[in-house]
Structures are given as structure tokens and as C-alpha cells.
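Step one of this worksheet: look at the structure below.
No value in this document is a laboratory result; all are computed from the given coordinates. Computed from a prediction, not measured in an experiment: that's the story for all the values here. Don't worry about glycine lacking a Cβ; one is built from the backbone with ideal geometry, like all the others, and counts go over all protein chains shown.
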Amino acid sequence: MSFDPDAVREEFPILKRQVNGRPLVYLDNAASAQKPRAVIAAMSRVMETCYANVHRGLHTLANETTDAYEAARNSVARFLNAATPAEIVFTKGGTEAINLVAASFGQSIQAGDEIVVSQMEHHANIVPWHFLRERKGAVLRWVPVTDDGRLDMEAYRALLGPRTRMVAISHMSNVLGTINPAREIVEAAHAHGVPVLLDGCQAIVHEAVDVQALDVDFYAFSGHKLYGPTGIGVLYGKAERLAALPPYQGGGEMIGQVAEDAITYADPPHRFEAGTPAIVEAIGLGAAIEWLSGIDRKASAEHEKALYRRVVEGLNGANWIKPIGTAPDKGAIFSFNVEGAHAHDIAQLLDRYGVAVRAGTHCAEPLLRRFGASSSARASFALYNTLEEADSFVEALGRARAFFA
């Protein structure tokens, strides 16, 4: 199987538009990716032809929509190589998936119990654990990050101890692009009998993920970064881990039986899907995964890394650029600051030339603080970006910098 970025671009209608009179160069993919026609069509089709609420309906539309919804769960399970679709919980996003684990698992946390996180985490994988610190007396233990943006694995192992109850670490940093040694992280934690949650929101976009090979206990990701819609995400959990968790929210679907003086709960995954789910969005995510499964993931990942290298080479010798994160074999994310300019100003100037990047803290304040920055700009690449767009970004960045020279 080969990979042709120009052919892939044809499947994304939005990439044909112009911004400020120039062709759109969309480099904000780590925040949210654009959507292929396959996703747009799948979501339109269900709303136009068979929409109804899922489960328990006995009429044709309800049955057809339920089949499509559960087919999406099956697609996710295959995509992750989960042992069974029952290990796939639909959430409203990666953030809710992490909150689900923190809230449910956290009911057993006692004062002094330790949660291991890292300095490179997104706030979505920090704040829910802070809740346990505030409300239960848990202790957050932080894995430091090296100067080039890698996890200090020696320090990580030293943090694991008799009070460690959970390890929650990103598979790939949304700022640094660092791809962490997930299997090594899991093995070290399991040697202490500690479960691991991996925040996979970035990694799953750029590489194939096999949860059984990783032996990870929980894996969380969002749909909208994976070329799917917003409002839908996934929590993978080992069957035995999910079975041991109490419900996260109460309502319809997640119950077995309800009486005036007693209640029983449904088995996973429905135990964690209270109320009417994001039906159309789940079907859209399933379509995104089926579309992505038809692409050579290894070849597309190499293409994305080539885009990153093209930018680095194009900026070689530009001493006014301060990159953040230079780990070996990192993913296609280029975070940076321009000497003498605020990241927000750089982003706005780039927009004049049709180049869309993100600027701010990227929901990773501890990480930016580690590198002595209050904000940064970030160009993040997807499989539909081209070498010409990488060159356009470098050229636009040079023009933007001229305003501050």
C-alpha cells in the first residue's frame, strides 16, 4: 500500500478554500483535524435516512441506528485491537474518558495515595487528578522532562512505590511531539501492581495502537483529532478493570434494575454510557476509523515526519527561532517562540498568509513553565499536509518575523 498526500487532500473539501486571499495551509491539527467526505457523508446519511434513539427501540429506525452505533464500537475495537467491543466505552471526548477513570477509580483513593503524572501532560490529564488531591488527599508525583523533551525514565521508575495507585501519562505530547515509550511505562508500573492510563489523543492519530500489545489498562482518545466529529471520544479499558469500576454518571441505559430501595447496574460498556449517547457522532467516528484503516499508517506517519524535518531544515540557521521539544524520532509537531514577539502576534501574522497555527499554553502550563515560557506557537501536521505547505509555513514565518526584526 502506498501513500499519496495529494490524493488524500481531495477527500477533504475544506482544504480547497482560501483564507485572506491565499490558499489555506491548515497546521492546527493537534487541536482538531479536518473531516473527510466519508465522515461527512456517514453523519448526513444517518440523519437523513434512519435516525432514532439507540437500544431498546423495537421499530425499524431504532434497530438500524442501533446497528450503526454498535458497528462503530466494533470498528474502534478492531482499530485498537481490543479483546472485545465490550472494552470500548463511548464518551464525549478524550477529556471525559480521563475524567471517567479518575472519578470512578478515585472512589477508592485514600489520603496519601499517589498518582504519577508527568510534566508534559495536557490539562485534561492533570486536573482530574488534582480533584483527587483536593477531595481525597491524594498526592501527585511528577515525572520530570529532559531538556530535549523526553520523559526522564529513571526518575519515573524511582517514583513508583508502595503508595502508587495509578500512572497517568500521555502517549504523545501535544506540545513537544515526543512519543513516549508506552510499553516500557506500562511494564514498570505493572511490576509494582499499578494500573496505567495512557492519554492517546495525539498518538493514535499518527501511529497504529495495539492496546493488547501495550498491555495498557486504560487508553483514552478523542474523535475530532482523528478526522472524526467533535462530541465523541473513547475510553478503552481492560474488561476486568472496567468491571471493577463503579458508575461515573447515573441515568438511563447504565442500569440493570431500579427500585425504590435498591439499584443494580449494567455491565460495561453500557454502565458508563448514561443517557442518550452522541449517536450521530459515534457513527461519524466509526466512519473516520474505517476511512483511516484504508490508509498505510506507516507510510503516512513517515510523510508527516518528513514535513516536520522539512520545516526544521528550512529554519536551519534562524537563530531567532526558539523551538520547544527536540526529542529523537518525535512526532510531527513544531512548537516554538520567535525572539522579541508574542506567540499570539505570530499566529495572527501567519493567518494573513493563510497559515493556521495554534498559539497559547496548549493546555500544558506545567510543561511551558518547565521550559521557561508563558506561551508558544505550534504548527502541527496531518497526513493531508504537503511539503509545499511546509515551505509556505517557513516562508510566512520569515515574513511574520520581519515585523519584529
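Length gain on complete extension for the stretch ALA318 to ALA52, per 0.36 nm per residue less the alpha carbon to alpha carbon distance?
90.1 nm
Using a Gaussian network model of the chain with C-alpha springs under 10 Å, which one of PRO269, PRO247, PRO162 is most mobile by mean-square fluctuation?
Residue with maximal mean-square fluctuation among PRO269, PRO247, PRO162: PRO162.
Considering only DSSP beta bridges with both partners in the chain, what is the antiparallel share in %, to the nearest 5?
60
In deg cm²/dmol, rounded to 500, what helix-only [θ] at 222 nm does the chain give when every DSSP H run of at least 4 residues adds -39500 (n - 2.57) and the total is split over its residues? Please list the in-between numbers first.
Values: 15 runs with 156 residues, N = 405.
Helix-only estimate at 222 nm: -11500 deg cm²/dmol.
What does the charge dipole of the stretch 283-359 about its Cα centre add up to, to the nearest 20 debye, if the Cβ of each Lys and Arg holds +1 and the Cβ of each Asp and Glu holds -1? List each step's numbers first, then the result.
Values: 9 positive and 9 negative charges, 18 e Å.
It comes to approximately 80 debye.
Within the chain, how many Lys pairs sit with Cα atoms under 20 Å apart, leaving out pairs fewer than 8 places apart on the same chain?
13
Relative contact order (percent) for the chain, with alpha-carbon contacts under 8 angstrom and 6 or more residues of separation?
Averaging sequence separation for qualifying contacts and normalising by length gives 23 percent for the chain.
Just to confirm my numbers, what's the Cα centroid distance between the stretch 256-300 and the stretch 1-55 in Å?
Cα centroid of the stretch 256-300 versus Cα centroid of the stretch 1-55: 22 Å apart.
Which whole-angstrom value gives the distance between the alpha carbon centres of the stretch 343-405 and the stretch 176-221?
28
Please find, in a Gaussian network model of the chain (springs between Cα atoms separated by less than 10 Å), the residue of ALA373, ALA97, ALA301 whose mean-square fluctuation is greatest.
ALA373
Run the dipole for the stretch 254-325 about the Cα centre, Lys and Arg Cβ at +1, Asp and Glu Cβ at -1, nothing else charged, and hand back the magnitude in debye, nearest 20. Intermediate results must be reported in sequence, preceding the final value.
Values: 7 positive and 10 negative charges, 147 e Å.
In total the dipole reaches around 700 debye.
Using Cα springs under 10 Å in a Gaussian network model of the chain, which residue among LEU27, LEU383, LEU245 shows the largest mean-square fluctuation?
LEU245
With a ≥ b ≥ c the root eigenvalues of the C-alpha gyration tensor of the stretch 40-293, is it rounded (a/c under 1.5), prolate (a/b larger than b/c) or oblate?
oblate
Given ILE255, GLY57, PHE403, which one lies farthest toward the positive end of the charge dipole of the chain, if we put +1 on the Cβ of every Lys and Arg and -1 on the Cβ of every Asp and Glu?
PHE403
Within a Cβ distance under 12 Å of ASN385, other residues only, what is the Lys/Arg minus Asp/Glu net charge?
Details: positive: ARG9, LYS305, ARG310; negative: ASP6, ASP28, GLU304, GLU388, GLU389, ASP391.
That works out to -3.
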